[in-house]
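These notes concern the structure reproduced below.
The values are calculated or read from the model by the stated rules, or taken from the named source; none is laboratory data. For clarity, every value in this text was computed on a predicted model and none was experimentally measured. Cβ placement follows ideal geometry from the backbone for every residue including glycine, while neighbour counts extend to all protein chains displayed. In case anyone asks, the SASA skips ligands and DNA or RNA and just uses the protein heavy atoms, side chains included. Shrake-Rupley method; radii C 1.70, N 1.55, O 1.52, S 1.80 Å.
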Amino acid sequence: MPKRVAAFFYNRLTGLRDFLSLKLTGAYPRPFYVHVEINNTCNLDCVMCPRDRLTRRLTLMDSGLFRSVIRQLAGMGVPSVSLFLFGDPLCHPRLAELVAFARENGIAPEINTNAMVLTEERGRELLDAGLKTIIFSVDGVTPEVFAEVRRGGDLERVRANILRFLDLADRHRPRPTTVIQYAVSKLNEHEVDGFRAFWEGRVDRLNFTRVTEYAGIEGLKTYEYKTQERRPCPDTWSKMVILADGTVTTCCLDLNGELGMGDAA
Ligand code: SF4
């Protein structure tokens, strides 16, 4: 039986196990969604990004570690992984290979990218590798605002890369889910309507988020965007995070792995 078909049935069985576990014990036996940080390197310096407070080594995840992590997650019946956290996944030169490996193990891979280096060739590679979901982060409509938020980025190039990818994706089977995300802050809130007007209908979903304070990291430049009230996060019950060095943590805002509860390496 092909590996993908076996994984499909295995996932259905683990779904049934989860349901029974929830009914009998009140808890799920596995995370539903895992961030696997394949790299913590990036080609931009976005104004709201906490990467300037990273104390961890800048690195790509070791490929042996990645394979081991994916096999373990597949064994637990985890249905999907996001292959990014504090970095841009397209800065990993073998991203398509990692996407394909997750797929082969029955896990749906997702990425979130700034699209700066999404060439036609890399787009085709990702589609052929079986990427399930792609989220493009584009936090501006005019070149001025975009440049202020996405420092080092080039709006014209990003738009061209995304539009070309969307065209390729429309002709590819299976077609991945496409999302454009806008992190709203004081710098770009006046362009939300323009963003909607430009992107609506071109992708499957528009996603609006609020710039976060990353749980109050000291000295973070995003303090000026203090917009969110603090409230308990339910994600610790359903998500897990594995940082590029293998540190396992509970929270996707845990920039430096301070809540580390294990080591996958
Ligand atoms: S593209 Fe993402 S990881 Fe890179 S600087 Fe911007 S917000 Fe941070």
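Could you say whether any residue in segment 39-52 is without any contact (Cβ under 8 Å) to a residue 60 or more places away in the chain, open to solvent by 10 Å² or more (accessible area, probe 1.4 Å), among the hydroxyl-bearing types (Ser, Thr, Tyr) and within 16 Å of the ligand (Cβ to nearest atom)? The answer is yes, given that some residue of segment 39-52 is without any contact (Cβ under 8 Å) to a residue 60 or more places away in the chain, open to solvent by 10 Å² or more (accessible area, probe 1.4 Å), among the hydroxyl-bearing types (Ser, Thr, Tyr) and within 16 Å of the ligand (Cβ to nearest atom).
Do we find that ARG71 is open to solvent by 50 Å² or more (accessible area, probe 1.4 Å) and either in the same structural domain as ASN40 (by TED's automatic domain parsing) or hydrophobic (A, V, I, L, M, F, W, C) (or both) in this structure?
So ARG71 fits the description; yes.
When GLU110 is tested against (1) more than 16 Å from the chain's Cα centre (by Cα); (2) crowded, with 16+ Cβ neighbours inside 10 Å, only condition (1) is not met. Within segment 156-176, not a single residue is more than 12 Å from the ligand (Cβ to nearest atom), in contact with a Pro (Cβ under 6 Å, 6 or more places away or on another chain) and not small (Gly, Ala, Ser). Screening ARG150 with (1) loosely packed, with under 15 Cβ neighbours inside 10 Å; (2) within 16 Å of the ligand (Cβ to nearest atom); (3) among the charged types (D, E, K, R) gives one miss only, at (1). Only a single item in (1) open to solvent by 20 Å² or more (accessible area, probe 1.4 Å); (2) more than 16 Å from the ligand (Cβ to nearest atom); (3) part of a loop (DSSP other than H, G, I, E, B); (4) modelled with pLDDT of 95 or more is not met by LYS186, and it is number (4).
When segment 149-168 is filtered for residues that are under 16 Å from PHE195 (Cα atoms) and touching a Leu at 6+ places or on another chain (Cβ under 8 Å), the ones remaining, listed by number, are VAL149, ARG150, ILE162.
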